[in-house]
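A short worksheet on the structure shown next.
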Amino acid sequence: VQLQASGGGSVQAGGSLRLSCAASGQTLYGYSVGWFRQAPGKEREFVAGIRWPGSKNYADSLKDRFTISRDNAKNLVLLQMNRVKPEDTAVYYCAADRSIISSSMYHAPNWDYWGQGTLVTVSS
């Protein structure tokens, strides 16, 4: 599966941004999809994940501001980011896997397929 994350950009603190994860030439039907982020000098960290058909996991620190969802008609997985903070600045990656279990979603090495990332910059 070839994944493409998009929707990143520059936003002021308190604003909103919506990221999209698309699969090139293939449906995301049956795949779990996750979002991770990596800030400069830091490890890649789990943001949110959505299993097939739709149960969701979130990083505890983000669940009140971020929402993951599927748009099956458009073959997309979305990450809605609200009330963003400067510490949300990072490259955001989406990942996919057909057989990942819920407890394994939090760890990047457990995911089979990765997109190339989209940069989110939040200014104060």
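The values are calculated or read from the model by the stated rules, or taken from the named source; none is laboratory data. Bear in mind the structure is a predicted one, so any value in this text is a computation, not a measurement. When we count neighbours, we look across all protein chains shown, and the Cβ atoms used for this are built from the backbone with ideal geometry, even at glycine. Areas reflect the complete protein model, heavy atoms only, side chains present, ligands, DNA and RNA absent. Shrake-Rupley method; radii C 1.70, N 1.55, O 1.52, S 1.80 Å.
Residues in the stretch 85-103: is at least one among the aliphatic types (A, V, I, L, M), open to solvent by less than 60 Å² (accessible area, probe 1.4 Å), at pLDDT 95 or above and farther than 23 Å from Gln2 by Cα? Among the residues of the stretch 85-103, not one is among the aliphatic types (A, V, I, L, M), open to solvent by less than 60 Å² (accessible area, probe 1.4 Å), at pLDDT 95 or above and farther than 23 Å from Gln2 by Cα, which makes the answer no.
Within the stretch 108-124, the set of residues being exposed (fewer than 13 other Cβ atoms within 10 Å of the Cβ) and farther than 16 Å from Cys21 by Cα comprises Pro109, Ser123, Ser124. The set of residues in the stretch 101-124 that are of a type in the set (Ser, Thr, Tyr) and within 12 Å of the chain's Cα centre (by Cα) comprises Tyr106, Thr118. Output the residue which, of all residues in the stretch 67-79 that are assigned to a strand (DSSP E or B) and polar (S, T, N, Q), is nearest to Val120 (Cα to Cα). This residue is Thr67. Quick check on Glu45: is it over 18 Å from Ala13 (Cβ atoms) and modelled with pLDDT of 95 or more? Taking the combined requirement at face value, the residue satisfies it.
Residues of the stretch 57-77 that are touching a Leu at 6+ places or on another chain (Cβ under 8 Å) and either farther than 16 Å from Ser32 by Cβ or hydrophobic (A, V, I, L, M, F, W, C) (or both): Phe66, Thr67, Ile68, Leu76, Val77. The residue of the stretch 16-29 that is nearest to Val47 (Cα to Cα), among those that are part of a loop (DSSP other than H, G, I, E, B) and open to solvent by 20 Å² or more (accessible area, probe 1.4 Å), is Ser16. Each residue in the stretch 30-66 was checked for being touching a Ser or Thr at 6+ places or on another chain (Cβ under 7 Å), open to solvent by less than 10 Å² (accessible area, probe 1.4 Å) and either assigned to a loop (DSSP other than H, G, I, E, B) or aliphatic (A, V, I, L, M) (or both), and 1 of them qualify. Taking each residue of the stretch 1-27 that is closer than 12 Å to Val84 by Cα and looking for partners that are open to solvent by 40 Å² or more (accessible area, probe 1.4 Å) and in a strand (DSSP E or B) with beta-carbon atoms closer than 6 Å, six or more apart or interchain, yields Ser10/Thr121; Gln12/Ser123; Arg18/Gln80. Condition check for Gln80 on (1) in contact with a Leu (Cβ under 9 Å, 6 or more places away or on another chain); (2) open to solvent by less than 40 Å² (accessible area, probe 1.4 Å): one failure, at (2).
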